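Student: Quick one: the structure is below, and I'll ask about it shortly.
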Amino acid sequence: MFLQKGVWLAGVGIVAGSILSAAIASLMASLLYGIRPHDPAVFLSAPLLLFAVALLASYLPARRATRVDPILALREA
């Protein structure tokens, strides 16, 4: 459940960010050095990297949480 929520939030953020960045890329053309404003490699690699990091950031705590005994967690709360 934790992994699903983290991946869903990351996906929504990546989609929204991709749409906004595509919309304002031509306005920022003068600030970009060495790439075109609508470079497909950048528009594919950056979201994939962000999604991989979000997946890892959601997976590691979820995996650790599955190893905790529920009775011990409830007693300490």
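The values are calculated or read from the model by the stated rules, or taken from the named source; none is laboratory data. A quick note: this is a predicted structure, and the numbers were derived from the prediction, not measured. No Cβ is skipped: glycine too gets one built from the backbone with ideal geometry, and neighbour counts run over all protein chains shown. SASA here: full protein model, heavy atoms, side chains in, ligands and nucleic acids out. Shrake-Rupley method; radii C 1.70, N 1.55, O 1.52, S 1.80 Å.
Student: Which length gain, in nm to one decimal place, applies between residue 65 and residue 18 when the Cα-Cα distance is subtracted from 0.36 nm times their residue separation? Can you show the working numbers first?
Tutor: Details: separation 47, 0.36 × 47 = 16.92 nm, distance 3.19 nm.
My answer for the length gained is 13.7 nm.
Student: To the nearest 20 debye, what charge dipole does the chain have about its Cα centre, counting +1 at the Cβ of each Lys and Arg and -1 at the Cβ of each Asp and Glu?
Tutor: Numbers: 6 positive and 3 negative charges, 39 e Å.
Around 180 debye, computed over the chain.
Student: Whenever you get a sec, compute what percent of the accessible area on the chain sits on carbon and sulfur atoms (1.4 Å probe).
Tutor: 73
Student: Specify the angular offset, from 0 to 90 degrees and rounded to the nearest 10, of the alpha carbon long axis of helix 40-66 from the longest principal axis of the alpha carbons in the chain.
Tutor: The answer is roughly 10 degrees.
Student: Relative to the first principal axis of the alpha-carbon coordinates of the chain, what is the inclination of helix 2-24, with its axis defined by its Cα atoms, in degrees from 0 to 90 and to the nearest 10?
Tutor: 10
Student: Shifting gears a bit: Provide the per residue accessible area, probe 1.4 Å, for the chain, rounded to a whole number of square angstrom.
Tutor: 84
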